[in-house]
Structure formats: C-alpha cells, structure tokens
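Working notes, structure below.
Computed from the coordinates by the stated procedures, all read-outs in this text should not be read as laboratory data. Not measured: the values here are computed from a predicted model. For neighbour counting, all protein chains shown are included, and Cβ atoms are generated from backbone atoms with ideal geometry for every residue, glycine included.
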Ligand SMILES: Nc1ncnc2c1ncn2[C@@H]1O[C@H](COP(=O)(O)OP(=O)(O)O)[C@@H](O)[C@H]1O
Ligand SMILES: [Mg+2]
C-alpha cells in the first residue's frame with residue numbers, strides 16, 4: 001500500500017501552538033491522490049485547507065502522521081510539489097515575466113544553460129497564453145495575468161504535483177472562469193497532478209475529478225464526492241445543479257459557524273444558489289473578524 | 001505623460017531662475033560696499049578664486065581625499081549593517097539587540113563621538129573614517145532591517161519551494177526584495193557620511209597637512225581667504241547634488257521605479 005504511485009496522506013494532524021492557546025487545524029486526515037488526478041478541496045474558511053496544502057508542500061511540519069510521495073516520505077519543500085498562491089506578491093517584482101520563470105529553472109538547477117532556460121520559459125509562458133508579455137514586469141500585468149505567470153513558473157520545473165491555494169480567489173468572475181478553462185486545458189496537456197483548494201462551489205465542480213469536503217474545528221474530511229460530470233462542464237446542466245446542491249448541503253451542515261447561518265437563513269429561502277456563495281464569503285468575513293478560539 | 005514632463009521642466013526652470021536671482025542679489029549687495037569685502041566677498045570673486053583653486057589642483061586633491069575616506073567609511077558601514085541585519089534575521093534575540101542598540105545610538109550625531117575617537121585612534125584619517133562609519137551605519141542598519149522584514153513570506157516560500165536556502169535564499173530573494181529599503185538606506189547614509197566628513201575635518205585635517213574639503217575650508221578661514229571658503233562650500237553643495245540627483249536618481253529609475261517597487 002505504501003509503495004503506491006502518487007500522494008498518500010496518512011493520519012495527518014496539525015496543531016499550532018501560539019503563546020496563549022493551541023489551535024488544532026487538522027485532525028486525522030487520510031487521503032490518497034493518484035498520479036495525474038485533479039482533486040478539489042473545499043470547506044469553510046478556517047477549516048485548514050491552506051494548512052493541508054502547506055503540509056503537503058512541507059512548509060508546515062505535521063504534528064502527527066506522514067506524507068508519502070511515490071512511496072517516499074517527503075519532509076522538505078521541493079520542486080516535485082510546487083505551490084501556486086492566491087496572493088499576487090508571489091511573483092518577484094524585480095524580474096520580468098520571462099526572468100521569473102527562468103529564476104525557477106535556475107534556482108532549482110532544473111535547467112543550467114541560459115539559452116535553454118529561456119526556451120523553456122517561453123514554452124511555459126506560451127502554454128499559459130502569455131506569449132508577447134515575456135518582457136513585462138509583474139506590476140504591469142493584470143491580476144489574472146500574474147496568476148498565469150505563477151502557474152507557468154510552477155509548471156516549468158515539471159513538478160509531479162501542482163498545489164493551488166485559491167489561486168483565482170482574488171480575480172473577478174469573468175477572469176476567474178477563463179482561467180478555470182485554461183487550467184483544465186493545461187492539466188490535460190501536462191498530465192500534472194493538481195490539488196486545488198477553493199471555497200467556491202462552482203469552481204470545485206467545474207474543475208476536478210473528486211471533491212474533498214472538509215469540516216472545521218478541527219479540520220477533517222467530511223466526505224469525498226466523485227465528480228464524473230461530462231466535460232466541458234456547464235452551470236446550466238441539471239447534473240451540475242444536483243452536484244451543486246449536494247456539495248452545498250454538505251457544507252451547510254458542517255460549517256459550524258452559527259451566527260452566519262442565522263444571518264443568512266432569510267436569504268437562503270430566496271435563492272439557494274446565490275446565497276451559498278454569499279454564505280461562504282460571509283463566513284470568511286466572520287472568520288476574519290473573530291477567528292475560532 | 002508629456003504634460004507631466006513639461007510641468008517638471010517648468011518647475012526646474014523656475015527654481016534655476018530663482019537661484020540665479022539670489023546669486024545676482026549677492027553680487028549686487030557685495031558691490032554696494034556696505035560690508036567689508038574680507039567678510040563678504042563678491043560672488044564673482046568667489047567664482048574666480050574657485051577656478052584658480054581648481055586649476056591649481058588643490059580642490060581636486062582635497063575632494064579626492066574626502067571621497068576616498070567616505071568610500072572607506074561607507075564600505076565598512078555597509079559590511080557592518082549587512083552582518084547585523086542578517087544576524088537579526090536569523091535570530092529574534094539578536095533582532096531585539098540590534099533594535100535596542102539602534103534606538104540608543106541612532107539619535108547621537110556622528111560628530112559628537114569625535115572627541116572619544118580622537119583619544120582612541122588619534123588625529124589621523126582613521127578617526128575621520130570612524131566618524132563617517134558611525135554616522136552612516138545606523139540608517140543603513142535601520143533600513144536593511146526593515147527591508148528584510150518586509151519581504152513577503154510568499155516570496156520566501158517560493159524560493160524555498162525551488163530549493164533555495166541560506167545564503168542563496170538571502171542573495172536571490174531577500175536582498176532584491178528589500179532593495180527599495182536598501183537604496184533609501186544608502187541615500188541617507190551617503191548624505192550623513194558627506195556631512196560627517198566635512199564636520200570632522202573642521203576639527204583637524206588628517207595627518208601631515210593632508211586633508212579633505214573640510215580641512216580646505218578650515219585652513220582657508222585661518223588665512224582669511226574667505227572667497228576660497230565660499231568656493232569650498234560650493235564644491236560641497238555641487239558634489240552632494242551630483243551624487244543625489246545623478247547617481248541615486250539614475251539607479252532608482254533603473255531599479256525600483258522600473259520594477260514598480262517604490263516605497264511611497
Ligand atoms: N501559522 C499559524 N499559526 C497559528 N495558527 C494558524 C497558523 N496557520 C493557520 N492557523 C490556524 O489554523 C486554522 C486553519 O487555517 P487555514 O489552514 O488557513 O484555513 P483555510 O485555508 O481553510 O481558511 C485557522 O484557525 C487558523 O487560524
Ligand atoms: Mg486558506
């Protein structure tokens with residue numbers, strides 16, 4: 001079982017110790033992600049989605065349990081697991097778009113020769129649709145373009161797993177759905193494994209093969225929903241709506257932040273679709289204002 | 001864009017005209033004969049002596065000497081600041097220490113340590129370098145320290161994800177990311193060093209009649225060659241302006257402004 005290809009997460013728990021209290025962010029996570037799979041992780045704000053991804057990337061050390069990549073325990077960050085963050089600051093502002101990608105190839109010593117680095121960089125920038133922007137500096141790009149560069153940079157070192165922590169979370173709706181389509185195409189072309197964190201139900205249904213629903217306090221897996229809807233997936237498809245209702249009810253049952261629920265019950269009755277989006281963003285708001293003890 | 005540029009040119013022109021007017025007032029006022037020329041020479045006399053002093057090579061030699069000492073003092077300060085800031089980065093305890101020392105010593109004007117420095121190091125160029133070092137090291141540490149701390153955690157993690165750590169992480173991610181602060185630090189440090197070198201040389205030259213611009217001014221005053229005193233001050237102003245306007249602005253335009261990393 002442990003020699004399995006892909007990622008195996010065994011009984012992973014993570015507790016943060018701060019000065020005044022301990023926060024159990026994750027508890028007893030067991031998850032296997034096969035090679036080339038596209039897995040979505042969804043859950044309310046503060047349920048430990050980022051922590052899970054950061055444990056996989058080895059930016060955080062699990063308190064308990066272990067992570068196996070192709071049977072090998074991985075405890076240090078490495079280019080086999082590349083993270084794409086939500087935050088636009090992840091690009092190096094002092095480097096052009098092309099140099100940002102070349103930086104990755106150079107730093108990881110994936111490609112040593114400058115000319116080859118340049119060719120690789122241009123190849124991956126082309127893949128994410130940024131041909132013609134190679135010499136721009138990050139501050140000259142829109143948010144969506146910045147995220148494309150980050151994806152190209154992460155892919156350029158040919159990781160086994162692409163870890164994406166709400167990468168489209170700061171984008172407007174139109175850019176977001178354009179990038180979702182692109183990401184799907186890129187996944188098909190590169191066959192990279194993708195673990196994609198979101199708190200947007202639509203996004204989780206449109207993208208992946210499986211949807212891992214987390215619940216909070218402490219963060220654990222509530223259920224895993226197989227998603228075999230035919231592609232391309234459309235929000236007008238009745239099956240999409242069924243799936244949506246399912247994820248929505250799983251989330252609703254387990255958000256565990258009652259004040260928001262109360263504030264929203266009125267609106268839930270009016271329009272369930274809209275409200276759940278609002279629900280999650282409100283939950284986020286509330287979470288930010290008063291983080292759980 | 002073009003409009004903006006015209007505004008800048010207009011502003012500069014306006015300022016130059018005003019300075020020229022002031023200089024004209026100076027000349028006319030000195031020509032009235034109301035003041036003793038020994039104490040308040042004509043501007044034209046100042047400029048004439050300045051040209052003579054430059055031709056004779058005296059000013060150039062003094063300037064070279066000043067810049068040479070400043071280069072030494074600044075280089076030492078940069079090394080000290082880099083070591084302190086990197087240690088502070090590695091350990092929160094050292095960071096507290098650095099902040100404490102900075103809070104205590106930063107407000108102390110560099111020149112005020114001169115008497116002690118003279119006792120310790122004598123009245124040679126070493127003492128002047130020490131004063132320059134002391135004047136410029138605090139703003140450098142302060143900016144480097146803040147700069148390194150303001151590097152976004154995400155950028156550090158991107159570096160770690162790519163396998164960077166230790167010196168390579170510092171050199172490839174932290175230093176460039178902190179560059180706007182480093183540049184500000186260097187700017188302030190240069191201004192402080194320049195002022196400190198002049199001030200320190202007013203107290204003594206260096207050794208054996210060698211000295212920089214400060215010493216030039218001091219000596220000329222001693223012989224009551226007031227036009228040369230003003231000439232020396234002109235050179236100090238012009239060099240300060242050249243370094244600030246040409247060197248630093250040039251670097252800034254090619255780095256932080258091109259990268260969209262300006263601090264304000
Ligand atoms: N570095 C940290 N130190 C202390 N607590 C943390 C840290 N990172 C995350 N947490 C806590 O762990 C919980 C899960 O956080 P996170 O993984 O960011 O949630 P999500 O990404 O699902 O919103 C939260 O309660 C958060 O406050
Ligand atoms: Mg998160």
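Axis angle, to the nearest 10 degrees, between helix B:226-241 and the longest C-alpha principal axis of chain B: 30 degrees. With the simple model of a label 7 Å out from the Cα in the direction of the Cβ, residue A:181 to residue B:210 spans 7.4 nm.
Just check chain B against the gyration tensor rule for me: Cα atoms, a ≥ b ≥ c as the square roots of the eigenvalues, rounded for a/c under 1.5, and otherwise prolate or oblate depending on whether a/b exceeds b/c. The shape class here is oblate. For a paramagnetic label modelled on residue A:189 (point 7 Å from Cα along Cα→Cβ), amide N atoms under 15 Å away belong, within the range A:99-123, to A:120-123. When the helices of chain A are scored as -39500 (n - 2.57) per DSSP H run of n ≥ 4 and the total is divided over every residue, the value at 222 nm lands at -13000 deg cm²/dmol.
State the percent of C-alpha pairs, over all pairs in chain A, separated by a distance greater than 28 angstrom. The proportion of pairs with Cα distances above 28 Å equals 39 percent. The mean sequence distance of close C-alpha pairs (under 8 Å, at least 6 residues apart), as a share of the length of the range B:61-136, puts its relative contact order at 43 percent. The fraction of Cα-Cα pairs per 10 angstrom bin, counted from 0 for the range B:109-214, comes to 16, 33, 21, 18, 11, 2 percent, rounded to whole percents. Between residue B:150 and residue B:48, the distance separating the two model label sites (each 7 Å from Cα on the Cα→Cβ line) works out to 5.2 nm. Expressed in Å, the radius of gyration and Dmax of the Cα atoms of the range B:154-264 are 20.8, 67.
Which angle between 0 and 90 degrees, to the nearest 10, do you get for helix A:173-190 versus the longest principal axis of chain A when only C-alpha atoms count? So the helix axis and the longest Cα principal axis differ by about 60 degrees. Overall shape of the range A:53-125 was characterised from the C-alpha gyration tensor. The equivalent ellipsoid obtained from it has semi-axes of 28, 16, 9 Å, in decreasing order. Put the Cα centre of the range A:1-48 next to the Cα centre of the range B:43-70 and the gap is 71 Å. Of the residues A:150, A:121, A:253, the one that moves most in a GNM of chain A with alpha-carbon contacts below 10 Å is A:253.
Taking the square roots of 5 times each eigenvalue of the Cα gyration tensor of the range B:1-105, largest first, gives ellipsoid semi-axes of 45, 25, 16 Å. Quick one: helix B:179-203 against the long Cα principal axis of chain B, what's the angle to the nearest 10°, folded into 0 to 90? The two axes meet at around 40 degrees. Extending 7 Å from Cα along the Cβ direction at residue A:131 and again at residue A:236 yields two label points whose distance is 3.1 nm.
For residue B:202 and residue B:253, a Förster radius of 35 Å and the Cβ-Cβ distance give a FRET efficiency of 0.50, rounded to the nearest 0.05. Counting Cβ atoms of other protein chains within 10 Å of each residue's Cβ and taking the mean over peptide B:151-157 gives 5. To one decimal place, what orientation-averaged projected area in nm² is obtained for the convex hull of the Cα set of the protein assembly as shown? Mean projected area of the Cα convex hull: 35.2 nm².
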